[in-house]
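Inspection log for the structure reproduced underneath, given as structure tokens.
The values are calculated or read from the model by the stated rules, or taken from the named source; none is laboratory data. Because the structure is a prediction, the values reported are computed rather than measured. Note that we place each Cβ from the backbone using ideal geometry, even for glycine, and neighbour counts take in every protein chain shown. Note: areas computed on protein heavy atoms with side chains; ligands, DNA, RNA excluded. Shrake-Rupley method; radii C 1.70, N 1.55, O 1.52, S 1.80 Å.
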Amino acid sequence: MQAINLTTNHLTTPIGIDAGPLFLAWQCADGVRQTAYEIEVTANGKTVWQSGKVQSSTMHADAPAVGGSRVCGAWKVRLWDENDQPGVWSEAAFETGLSAADWAGEWVDPETEEIDIHGDDAINAFARPNWERKQAEKEAAGKGTAEPYKPHRLASYLRKIFTAPKGGARLYITAKGLYVAWLNGVRVGDMVLAPGSFTGDKHLGAQTYDVTTLLHEGENELLIALGDGWHRSTSGVDGGRDLFGDTLGVLFQLEVDGKTVCVSDADMQATQCGPIRQNDMQQGEVYDARLETLTGWHGVRTYLNDLPIVGMNTVPIREHEAFPGKLITTPNGEAVLDFDQNIAGYVEMTLTAHAGQRVRLTCGETLDENGNFTQENFQDRARHSEGGTAQMLELICKEGENRFKPHFTIMGFRYAKVETDADLTDAVFTAHAVYSDMAVTGEFVCGNDAVNRLVKNSIWSQKGNFCDIPTDCPTRERAGWTGDMGVFIETGLTLMDCYPVVEKWLAECRLNQYPDGRMANIAPPNGRPGPMTPMLCMSAGWGDAAILVPYAMYKRTGDRKILADNYEMMQKWYAFLLGRARQTTEEQQSGDYAKYTVLNGLDYGEWCEPGITPMQAMMNPRKSVGTAYLAYSGRLLAEVADALGKADDAANYREISANAVKAYRAAFTDNGVITSDRQCEYVRAIEFALLGEGESQAAADTLNKMVVENGYHLNTGFLSTPFLCSVLARYGHTDTAYKLLLQPDAPGWLYEIGKGATTVWETWTGIDAEGKPHDSLNHYSYGAICGWLFGGVCGIHYADSALTIAPTPDKSLGWAKATYDSPAGRIVSGWRYDGDSVTYEFEIPANLTADVALPDGRTLTLAPGKHTA
């Protein structure tokens, strides 16, 4: 037996990670069952840890911390099979980055003086009049003095010429803003939007690049482009700028064989006379190809900063799929590119033109009800300080062949309106999908093409919103909402290998937690807090993501580090939620468990329920959501405490949870009977085990009746919709669950498919019956239904290194097959109807045994391999 697919801290051959404990994982091949393993870890060629032969079938291990920076580490593992025969060694490498004390350079600011920006570029020409109009309206309304417009600034280029010997070379680099580096004219690495998205006034991340092959013996030139990035671009619905400061900077260090040969310092030169004339994460980029030969070099300003810098502990952001653009003419006569897929990314353009000719692309998700280009579905022009999210790209051509691909922006789009005075006869436009480097790990296919498209759309919305952190949409908000991740994490871990992205995001959540335990609803911040922000940060369900997300990640991988890293955050949030319950008054609720009933404070509630406005959801004084989560999250937190060896904590959380269950029953049921016209109340109570088993069955029966009477439409909202079909099927209402899944009308998952969607929408009617679009058309959260397709329809459940399969077939699909590339290897579960009989197929990876429960009552125990039943 041999170990394959080795990962270190959930990464493949990572370079530049922080020193610390290691989580080593592998899969098994060429055997049936692993009975033991042996691991050896080396650092800079020296053995630092040996596990010895460990009798275990577990396919992961915690290795002691590897300390120090610049460590070239490796680990190897061999396995013993079911016959106690050892296999060959398998090896993986890793490398640590710099520690805080190792940085020898200074922060370099290339903007040494104010530059007169004419403002006739596409971005400023769009933003300035909107800003000035809004400011004048503000002053006229007596809401303050009008503030002057601050022009968007040019990108900077920095360079340093240095000499170096040949040898193993590493470039360590980070920036306030975004950077691209070239060494001797060759781009360094393939990460885009580096260094990534951080709470930039609290910490930043650095990348480590192996530049051995790019370095010359003797003279070298390092060139860096520096853009605004998340640091000072417009951001969020409000369009605020300079969220983390208005000063950009770059910090780098180039070493050969561990010796520093070049650092960022006052000897560098800079210019703002390069081709990137404007750049903004939301508004876009302006590129003047006539300025590709850099001129106007001047000195720089240096400064010291003690901002913590973390290593590259996640996957890079990269370009992935490419889509050719098809040029169409819309009914109003506009030229529009259709890339056939809604993505997050940017457009590359290649054309032959005359100097000074311009090509401007304005990017959007859809066409309007008349077939014309629009952005209005995702705009909040009244709220945005610059009149909306422009998503523009402009190329000012040089004579001859031009090729432009943006450096410092990303946008959500399928279409791009083209405005140009150039001949586009031979022009080529290519859309590049940009997202964190995550492999697709889940595939679901069945006899219904619309359901197959739904799964593809869900994957595309995950791709479109997992750019370094999980965000709600790639257009208007681009916000790392806690609530979205809380309802999607189980599905997200199945569809794509997103663990490193979510782990990074959780670090931002920890940094932005309030001292009293409230959770910032968005991390990192994407706007300045308003007066309501602190109040909404107490929302149950949203704040509970602090517990739900790490818990799900642990259950799927067995990595206790995700629990240890986030345990304090979990505890603080749960204590805050319990504190809300302690404020319950006798007038609000009486009885023994009143102080476990959450009735005070502000919640989003169920949110986005059909027929319920957001204000109604928040102002309902008898919301059951907080109490339900006090019970449910407490139960999970007790498990977390047990996993971390904190028995006293676990006992305390179990007691609180049990009392919250009793409080829920007392306050929101009639002796275990729910009375409500909202489906969510039944779904949540059943899913969170707030009722007895008999009571849950009765509640599920009532829920089923409600759904049937509603024409097989849901009326659940944001928090409970992911569980609706699962709850119905679990309690014997499989037929209703499938009819809900296959409902072609809104509200329902397949309505958008009928409207030609290629991603999951923010609302059920993102394009209404008349064809008018509204709201974001790329929101991943409703894609959580895919969790039921894998875990219910095909029945795959992998947790705690154990596999159970309990498929729920139904003739309405005809057949279904789910493939999940799990941490243990590939799992397949499928079924197919032939008349009234059903045949099943399963594939179990090496070193895993599946306990299978079939609807006809048969139970099977399956060894590794392929099986039919």
Next on the checklist: I need every pair where a residue in region 67-81 that is closer than 15 Å to GLU40 by Cα has its Cβ under 9 Å from the Cβ of a residue that is at pLDDT below 95 and in a loop (DSSP other than H, G, I, E, B), sequence separation at least 6 or different chains.
Outcome noted: LEU79/GLY31
Checklist entry - When the residues of region 477-499 are filtered to those that are part of a loop (DSSP other than H, G, I, E, B) and either among the aromatic types (Phe, Trp, Tyr) or farther than 27 Å from HIS384 by Cβ (or both), which remaining residue is most open to solvent (accessible area, probe 1.4 Å)? => result ASP497
Next on the checklist: I'd like to check something: does region 406-422 contain any residue that is under 21 Å from TRP505 (Cβ atoms), touching a residue at least 40 places away in the same chain (Cβ under 8 Å) and touching a Lys or Arg at 6+ places or on another chain (Cβ under 6 Å)?
Outcome noted: no
Item to check | region 370-402, subset assigned to a loop (DSSP other than H, G, I, E, B) and among the hydroxyl-bearing types (Ser, Thr, Tyr), residue farthest from PHE126 (Cα to Cα) | outcome: SER385
Next on the checklist: Can you pull out every residue in region 816-869 that is basic (Lys, Arg) and in contact (Cβ under 8 Å) with a residue 12 or more places away in the chain?
Outcome noted: LYS817, ARG826, ARG832, LYS866
Checklist entry - Within region 392-409, is even one residue closer than 17 Å to PRO773 by Cβ and crowded, with 19+ Cβ neighbours inside 10 Å? => result no
Checklist entry - Are there any pairs, at least 6 apart or on different chains, whose C-beta atoms fall under 8 Å, with the first in region 787-803 and more than 16 Å from LEU454 (Cα to Cα) and free of Cβ contacts under 8 Å to residues at least 12 places away in the same chain and the second part of a strand (DSSP E or B) and open to solvent by less than 20 Å² (accessible area, probe 1.4 Å), and if so, which? => result HIS797/LEU803; HIS797/ILE805
Next on the checklist: Go through (1) under 26 Å from SER781 (Cα atoms); (2) part of a helix (DSSP H, G or I); (3) open to solvent by 60 Å² or more (accessible area, probe 1.4 Å) for GLY611 and report which single condition fails.
Outcome noted: (2)
Next on the checklist: Within region 242-263, does at least one residue satisfy the condition of being open to solvent by 20 Å² or more (accessible area, probe 1.4 Å) and part of a helix (DSSP H, G or I)?
Outcome noted: no
Item to check | Unique residue being more than 23 Å from ALA63 (Cα to Cα) and surrounded by fewer than 21 Cβ atoms within 10 Å (Cβ to Cβ) when the list is PRO534, PRO524 | outcome: PRO534
Next on the checklist: Any residue at all in region 761-771 that's modelled with pLDDT of 95 or more, touching a helix residue (DSSP H, G or I) at 6+ places or on another chain (Cβ under 6 Å) and over 26 Å from ASP559 (Cα atoms)?
Outcome noted: yes
Next on the checklist: Please return the ranges of strands (runs of 3 or more DSSP E) entirely within region 4-61 where 1 or more residues are among the charged types (D, E, K, R) and open to solvent by 30 Å² or more (accessible area, probe 1.4 Å).
Outcome noted: 36-43, 46-50
Item to check | Residue list for region 619-642, filter: open to solvent by 30 Å² or more (accessible area, probe 1.4 Å) and within 29 Å of the chain's Cα centre (by Cα) | outcome: TYR632, ARG635, GLU639, ASP642
Checklist entry - Which is over 30 Å from CYS509 (Cα atoms) and in contact (Cβ under 8 Å) with a residue 24 or more places away in the chain, of THR213, THR271, THR208? => result THR271
Checklist entry - Which ones in region 410-432 are part of a strand (DSSP E or B), under 16 Å from THR362 (Cβ atoms) and open to solvent by less than 30 Å² (accessible area, probe 1.4 Å)? => result MET411, GLY412, PHE413, TYR415, ALA416, VAL418, PHE429, ALA431
Checklist entry - Cβ-Cβ below 6 Å, separation at least six or inter-chain, first residue in region 340-359 and free of Cβ contacts under 8 Å to residues at least 40 places away in the same chain and within 17 Å of PRO474 (Cα to Cα), second of a type in the set (D, E, K, R) and open to solvent by 10 Å² or more (accessible area, probe 1.4 Å): which pairs? => result none
